[in-house]
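Undergrad: One structure is given below, represented as structure tokens, and several questions about it will come after.
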Amino acid sequence: MDLAWYALLGLFFASYLVLAGYDYGVGLLLARGDSPAGRRAALTALGPFFLGNEVWLVAAVGILFGAFPVLEGELLAGCYPAVAGALVGVILVTAGVQLRSRPSEERVRARWDRVIVVGSALAALGWGAVLAALLQGVPRQADGHVAGVSHLATPFAAIVGLTMVALVAVHGATFLTLRLPADAAAVAGRTARRLVPVALCAVAVATVVGLLSSRVRDAVQRPALGVLLPVLLVVALLAARAALARRRPGWALIATGAALALPVALVGAALWPYVLVSTTDPGASLTVADAAASAPTLRLLSWVTLPLLPALLGFQAMCWWVFRGRTDGRAPVYW
């Protein structure tokens, strides 16, 4: 049962990254220096989705607290700066999108736009650093606690955070090709195609740094899956660029979404049966079974969580169906 809950936790967090990823990507693109009307159009395209997308984070945190209480404590303690930075970013994006329309002065709205940019960058960097910390291991001691946060100050954690920023930027630009009016969508499509090589370079650098890192090599339990991750990321990004070139933004969005979901799935699989690998004491590594709550607790949580998944999926499908067109009322060519 612990494996099922581990997979469910990964599913909820991966869904959050895929859905909220284009929120943060659009937020990052506000830094391009577009006109006020262009920034307003981008946020209008995003408006119906961004609050619903963050529900997946709430659900993932609920599963973490309920089904994996040991992991929750050690993950938050060992990755506190990254998690806190990501959550601050989420709050800044939410507040910025909600409040920028309140003032009538364009100067004040521009300040809120900068808040959204900063929040989007913090969220992407923070979640990328958390994934990097899992992949390279943490200094968990024999007493069962993670010692310090110095493991976040590594070149691998930094480059993975920047790679996450590049991936969400591509995802956000691709999302805009579906939602903006045709002329503006063409500009967003060109931006997305230009960002793909940047993301590919970031993936390549992260791969090289990871291969050279003894921390990563020691923590990964299945090296084949560790190598497969960058390969699949490259395939997804190239598929997105090809779809954008053929003006098939629906396929492109699926490909960029896969690029954000793949790290969660493959990091979890590469570490199995561990969830936290200790870099200081191999015997202190935390397995999924040890991190999970008791079987009666997991069975009780099933009565709450299992109905939640179809409800969230149904809400997300309804939201996309209702707001499936462009912001000018025209239907895009998805496929």
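Undergrad: Counting just the residues of the range 75-84 that are at pLDDT 85 or above and either surrounded by fewer than 20 Cβ atoms within 10 Å (Cβ to Cβ) or assigned to a loop (DSSP other than H, G, I, E, B) (or both), which one comes out nearest to the chain's Cα centre (by Cα)?
TA: That would be Val83.
Undergrad: Looking at (1) open to solvent by 10 Å² or more (accessible area, probe 1.4 Å); (2) touching a residue at least 12 places away in the same chain (Cβ under 8 Å), which is the only condition Gly25 fails?
TA: (1)
Undergrad: So which residues in the range 232-265 are open to solvent by 80 Å² or more (accessible area, probe 1.4 Å) and not charged (D, E, K, R)?
TA: Within the range 232-265, the subset open to solvent by 80 Å² or more (accessible area, probe 1.4 Å) is 235, 238, 241, 246-248, 251, 254.
Hits for the range 232-265 are Val235, Leu238, Trp251, Ile254.
Undergrad: Does Phe49 satisfy being surrounded by 15 or more Cβ atoms within 10 Å (Cβ to Cβ) and not aliphatic (A, V, I, L, M)? So that I can check it myself, show each step before the final result.
TA: Values: surrounded by 15 or more Cβ atoms within 10 Å (Cβ to Cβ): yes; not aliphatic (A, V, I, L, M): yes.
Spelling it out, Phe49 is indeed surrounded by 15 or more Cβ atoms within 10 Å (Cβ to Cβ) and not aliphatic (A, V, I, L, M).
Undergrad: List pairs: first residue in the range 30-59 and farther than 19 Å from Trp320 by Cβ and in contact (Cβ under 8 Å) with a residue 40 or more places away in the chain, second residue among the acidic types (Asp, Glu) and open to solvent by 20 Å² or more (accessible area, probe 1.4 Å) anywhere in the structure, Cβ distance under 8 angstrom, at least six positions apart or on different chains.
TA: As it stands, the answer is Pro36/Glu106, since those pairs meet every condition given.
Undergrad: In this structure, does Arg194 turn out to be basic (Lys, Arg), free of Cβ contacts under 8 Å to residues at least 24 places away in the same chain and part of a helix (DSSP H, G or I)?
TA: yes
Undergrad: Something else about it: In the range 268-282, is there at least one residue being open to solvent by less than 60 Å² (accessible area, probe 1.4 Å) and charged (D, E, K, R)?
TA: Within the range 268-282, one or more residues are open to solvent by less than 60 Å² (accessible area, probe 1.4 Å) and charged (D, E, K, R).
Undergrad: Hey, another quick one. Check Arg39, Arg102 and return the single one that is on the phi < 0 side of the Ramachandran plot, out of contact with any Gly (no Cβ under 8 Å at 6 or more places or on another chain) and surrounded by 21 or more Cβ atoms within 10 Å (Cβ to Cβ).
TA: Working: Arg102 fails: surrounded by 21 or more Cβ atoms within 10 Å (Cβ to Cβ).
Selected residue: Arg39, the only one of Arg39, Arg102 that is on the phi < 0 side of the Ramachandran plot, out of contact with any Gly (no Cβ under 8 Å at 6 or more places or on another chain) and surrounded by 21 or more Cβ atoms within 10 Å (Cβ to Cβ).
Undergrad: Report, by residue number, each residue of the range 101-157 that is at pLDDT 85 or above and among the hydroxyl-bearing types (Ser, Thr, Tyr).
TA: Within the range 101-157, Ser120, Thr154 qualify.
The values are calculated or read from the model by the stated rules, or taken from the named source; none is laboratory data. Every value quoted in this text rests on a predicted model; they were computed, and no experiment measured them. Cβ: placed from backbone, ideal geometry, glycine included. Neighbour counts: every protein chain shown. When the accessible area is computed, the model is the full protein with side chains, heavy atoms only, and any ligands, DNA or RNA have been set aside. Shrake-Rupley method; radii C 1.70, N 1.55, O 1.52, S 1.80 Å.
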